[in-house]
């Protein structure tokens, strides 16, 4: 359903209450965080609704023309539709956009988990649309800040990886280690997860190994750079000493530990060098 303006008179007069509302008067909320509903996930719920009805009311808020926007309970709403029910019990509350989104995200987290990408998008919407910090989001949904931050980071993954998270082909445990490897390695490892059926531990070992290799390469590059700079400095110093003392001087080491070799080719040159050293 397209966005509808809210019935301000209804918002004034309506009190929080549970009503039996016709399904045709309830429209899926534009703030709903859940986007994916797999048929197999609804099958058991549809069977239960056919036998016992909807036991837990959905949450709605009033809009124009006597209609309602669904805030939380979309699985129950869809199951009621599939079960052929004409109406559903609904708790009617006057909620702001912020309250509606918070309620939708929290209700899904606490009842049937959103997939990791829907969850990350829900957290992000709370932060972007309502200027909430990660700490505030964590407090509202009952998670620690690190959990919220790590979930949001999943949105950085390539589209095909996010799609696999949405449809359940891989888990968040598979996906998180992929964030630690260079971008060009993500898809090959992801494809191996699907092709070889890699476990979370397998992926962690692979990504940890790549991370160590990356750090090793950086360390090696830094060492080579340092050694190269040291070599240039020592060579320049050798040339200066050779010119100043008018004899061949050789330096070995790194400037901290090493050896100085001074060459001579006659008694006179030896005596001259001794005199310089003994000054």
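The values are calculated or read from the model by the stated rules, or taken from the named source; none is laboratory data. From a predicted model like this one, the values you see are computed outputs, not experimental measurements. Neighbour counts are summed over all protein chains in view; Cβ atoms, including those assigned to glycine, are modelled from backbone coordinates with ideal geometry.
Okay, here's what the table says:
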quantity: Count of residues meeting criterion [part of a loop (DSSP other than H, G, I, E, B) and under 21 Å from residue 71 (Cα atoms)] in region 110-142; calculated: 8
quantity: Leading residue by the ranking (nearest to residue 75 (Cα to Cα)) among those in region 113-131 that are at pLDDT below 80 and surrounded by fewer than 15 Cβ atoms within 10 Å (Cβ to Cβ); calculated: 113
quantity: Residue check, residue 103 closer than 24 Å to residue 128 by Cβ, part of a helix (DSSP H, G or I) and either touching a strand residue (DSSP E or B) at 6+ places or on another chain (Cβ under 8 Å) or modelled with pLDDT under 75 (or both); calculated: yes
quantity: Candidate set: region 66-75, residues that are in contact (Cβ under 8 Å) with a residue 40 or more places away in the chain and either more than 31 Å from the chain's Cα centre (by Cα) or assigned to a loop (DSSP other than H, G, I, E, B) (or both); chosen: the one nearest to residue 104 (Cα to Cα); calculated: 68
quantity: Matching option when the condition is modelled with pLDDT of 85 or more and either part of a loop (DSSP other than H, G, I, E, B) or more than 27 Å from residue 127 (Cβ to Cβ) (or both), among 34, 30, 78; calculated: 78
quantity: Unique residue being closer than 20 Å to residue 72 by Cβ and either over 16 Å from the mean Cα position of the chain (by Cα) or surrounded by 14 or more Cβ atoms within 10 Å (Cβ to Cβ) (or both) when the list is 192, 139; calculated: 139
quantity: Looking only at region 254-277, and only at residues there that are farther than 16 Å from residue 243 by Cα and surrounded by 10 or more Cβ atoms within 10 Å (Cβ to Cβ), the one that is modelled with the highest pLDDT; calculated: 258
quantity: Flag if residue 91 is modelled with pLDDT of 85 or more and either touching a helix residue (DSSP H, G or I) at 6+ places or on another chain (Cβ under 9 Å) or surrounded by 15 or more Cβ atoms within 10 Å (Cβ to Cβ) (or both); calculated: yes
quantity: Meets criteria (surrounded by fewer than 17 Cβ atoms within 10 Å (Cβ to Cβ) and touching a residue at least 40 places away in the same chain (Cβ under 8 Å)) for residue 168; calculated: yes
quantity: From the options 95, 91, residue that is part of a loop (DSSP other than H, G, I, E, B), within 27 Å of residue 19 (Cβ to Cβ) and in contact with a strand residue (DSSP E or B) (Cβ under 9 Å, 6 or more places away or on another chain); calculated: 95
